[in-house]
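In what follows, a single structure is set out as structure tokens and then discussed.
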Amino acid sequence: MDEAKKINLPLDPETVAGLRAGDLLRLSGPLLTARDAAHKRLIEGLARGEAPPVDLAGQVIYYVGPAPAKAGRPIGPAGPTTSGRMDPYTLPLLELGVRGLIGKGFRSPEIVQALIEHRAVYLAAVGGAAALLARHILASEVVAYPDLGAEAMHALIVADFPVIVIHDITGGDAYRDSRDRYREGENPA
């Protein structure tokens with residue numbers, strides 16, 4: 001298995017340009033969270049001409065609604081949600097400079113193309129590993145929409161947070177490539 005690349009956040013254009021579908025990454029630094037309700041509210045605000053509640057340029061957004069933290073922990077289980085549900089909201093965020101998105105599952109062809117055009121990447125975290133992923137989250141603070149509870153936007157600080165690049169800026173697609181290798185009889189691992 002390939003060794004994971006250590007990446008410091010937020011993402012800069014040079015780092016994004018060097019990432020390829022299938023790369024294993026360990027992310028460290030700040031990232032934002034947002035799920036369906038936060039995305040909807042954010043996009044509605046943009047449509048009314050409001051500035052986003054946080055600067056999105058260079059940011060990575062993790063599609064997660066973390067569970068409440070247990071005593072002594074900054075966050076509860078924090079696994080990815082299905083990314084396709086965020087597709088209707090993604091283009092305006094890419095236009096504001098978001099450089100990375102973390103979730104699970106497939107993206108629409110329109111979003112894959114938008115990632116290429118806006119030079120951003122889609123990353124996948126392992127679904128079903130919420131408690132393990134939470135171990136890589138050092139701090140969590142609500143930064144917008146506190147009335148949404150678990151779906152509020154949070155600013156997280158992560159250390160060695162494990163993800164895989166699914167879509168890169170060249171059109172690379174780890175899901176497609178793995179499926180093709182499997183059909184050809186290769187072990188995709």
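Whole-Hz Karplus ³J(HN,Hα) for the range 112-126, in order, using 6.51 cos²θ - 1.76 cosθ + 1.60 and θ = phi - 60°, x for Gly and Pro?
My calculation for the range 112-126 gives 4, 5, 5, 4, 5, 4, 9, 6, 10, 10, 10, 10, 10, 9, 6 Hz in order.
Helix 36-47 sits at what angle to the longest principal axis of the chain, using alpha carbons and giving 0 to 90 degrees rounded to 10?
70
Can you tell me the 0 to 90 degree angle between the C-alpha axis of helix 174-183 and the longest principal axis of the chain, rounded to 10?
Here the helix axis deviates by roughly 30 degrees.
Taking Cα pairs under 8 Å and at least six residues apart, what relative contact order does the chain come out at, in percent?
With pairs under 8 Å counted, the relative contact order is 29 percent.
For the range 1-122, what is one quarter of the convex hull surface built on the Cα atoms, given in nm²?
So the mean shadow area of the Cα hull is 8.5 nm².
Students sometimes get this wrong: rank 44, 141 by accessible area, probe 1.4 Å, all chains present, largest first.
Accessible-area ranking of 44, 141, largest first: 141, 44.
If amide hydrogens are placed 1.01 Å from N in the peptide plane, which non-local residues have theirs closer than 5 Å to the one on residue 154?
33, 143
The values are calculated or read from the model by the stated rules, or taken from the named source; none is laboratory data. All figures in this text were calculated on a predicted structure; none of them were measured in a lab. Protein only, heavy atoms only, side chains kept; ligands, DNA and RNA dropped before computing areas. Shrake-Rupley method; radii C 1.70, N 1.55, O 1.52, S 1.80 Å.
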